[in-house]
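The values are calculated or read from the model by the stated rules, or taken from the named source; none is laboratory data. Values in this document were obtained by computation on a predicted structure and should not be read as measured data. Cβ atoms come from the backbone with ideal geometry, glycine included; neighbour counts cover every protein chain shown.
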């Protein structure tokens, strides 16, 4: 996760209650999604960014997680997400993020 | 329908591993932070020689020594299945070795910024004199060289950047001002390298078109560098400087910047000038980018993959009035990612692909090949960025499914039929669709292809002025005489329209 996005998430986490925050990822590959999920739960694994050594433990989900799809406006989903849903490995992405969330997260939906 | 001919194309690579090891952004930043970094030592150890770069199938495809079909059928990974013989020249251009490119930097330098060591200068003069495209006019700009001690003093005292070959300092790039960071040696080296790469491609372009430098009317540069000083850091007109070094005495020029979308934007701009009659023979050119050399090398070294980001990509395209013979770019159906289009991949793909198809009355399968960002996957996959062209093709296919023009089960087949293997160096603006224009034009001339779509996308948000991305696209197709989709308007058609209008008018007058 780039340094700027790490800083944005850190700032949001500091200014709000943790239970009011959810991180939604749109990464296209499972390995990358897992690293992003690790960054916002256990901290930046590359120790290069503002979240190095900062275990926020935020609830993190991939946008293709069926839990989130159930919450989405079907019309907006059709307009914005349905094409990528056909292209990406939704199950692999959901699982990769879920593993990190369950290992390091402090709260879930 | 407004159409413009693609008369010729040129694609070159400047093989510059030693420049990359020192001045590519990733190694350079690492050197500043950790001068004794194990990564830098590992990278230097695993750097590949010219012999490998000139036998690497994606590079050979880029310069036109191999077709995209040959690359698609090639054993993977290409870095482990090198061609038997090195090949410097291809149908479109060449892979220039680093020592000759340093010589070309000096030829393109008109401010005495580049200094060469005396023996090195002599050896380069011999090599460049034998180059098929270098003229006396260019060679006279190559300096005689100086003592090594003079170069070392300039580096030590005046912050010149040393240039190396096989670990030995053979030259340096000097700063243009003591305090202006826009004229630091580093910025000037980047700008000069971009200029030199563009000059090399322009020389190949003129040769490929069978023209003389004086025939070029206008040059448009679409690289990613900013030329200027403290009062106008992006003042520009790299294009005119490039035209001057290529002896295009009748040309002027300007620059177009739009991040990685700039090549497509420049071609649309230039084609519009040609159609309007404002300029006749317009060359769209770009040199490469030093910062992106070894950009992903950290991951390559970690995963023990050869770091192949050792060459700068450059290209040139010549647009001329439609002559009915050459493949044409049509200007009636262009893709444009508007401010209000939205940023989701779906919105971008629809704006750049679906809307121009609609405008042209075409279906997804009427385009033989789509050319989005054609990054070499052997570079991007180990770096964690995935197979970029393949991801784009899946998106095009998925959109075709949504529009009812492809079965969901047919996505893989669509990708295979209408996709291409990635073969372009990861140089930002360079992979953005345009590397396929030469191959597409040839396939159209030879009758193997009717139509291709070239798609460019740019990450504007990197400039911190907007969160938006950008994109543009155009279609290239067979000219009218060769069965393209342009409909000729005959005298009879015009008469029929006039009769219809007169009939309607008569009816209204009676009412």
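What to note about this one:
- So residue B:190, is it in a loop (DSSP other than H, G, I, E, B), touching a residue at least 40 places away in the same chain (Cβ under 8 Å), under 20 Å from the mean Cα position of the chain (by Cα) and assigned by TED's automatic domain parsing to the domain that holds residue B:109: no
- Segments classed as helices (runs of 4 or more DSSP H), wholly inside the stretch B:325-440, with at least 2 members that are on the phi < 0 side of the Ramachandran plot, assigned by TED's automatic domain parsing to the domain that holds residue B:272 and crowded, with 24+ Cβ neighbours inside 10 Å: none
- Residues located in the stretch B:225-253, provided they are part of a loop (DSSP other than H, G, I, E, B) and within 22 Å of residue B:107 (Cβ to Cβ): B:225, B:227, B:236, B:237, B:246, B:247, B:248, B:249, B:250, B:251
- When the stretch B:373-394 is limited to residues that are modelled with pLDDT under 95 and within 9 Å of chain A (Cβ to nearest Cβ), the one that is farthest from residue B:454 (Cα to Cα) turns out to be B:384.
- For the stretch B:403-414, the candidate set comprises residues that are in contact (Cβ under 8 Å) with a residue 24 or more places away in the chain and within 12 Å of another protein chain (Cβ to nearest Cβ); within that set, the residue that is nearest to residue B:263 (Cα to Cα) is B:414.
- The residues on offer are B:251, B:209, and the sole one that is within 26 Å of residue B:132 (Cβ to Cβ) and crowded, with 23+ Cβ neighbours inside 10 Å is B:251.
- Spans of helices (runs of 4 or more DSSP H) in the stretch A:4-109 with at least 2 residues without any contact (Cβ under 8 Å) to a residue 40 or more places away in the chain, within 22 Å of residue B:349 (Cα to Cα) and within 14 Å of chain B (Cβ to nearest Cβ): A:74-80, A:82-87
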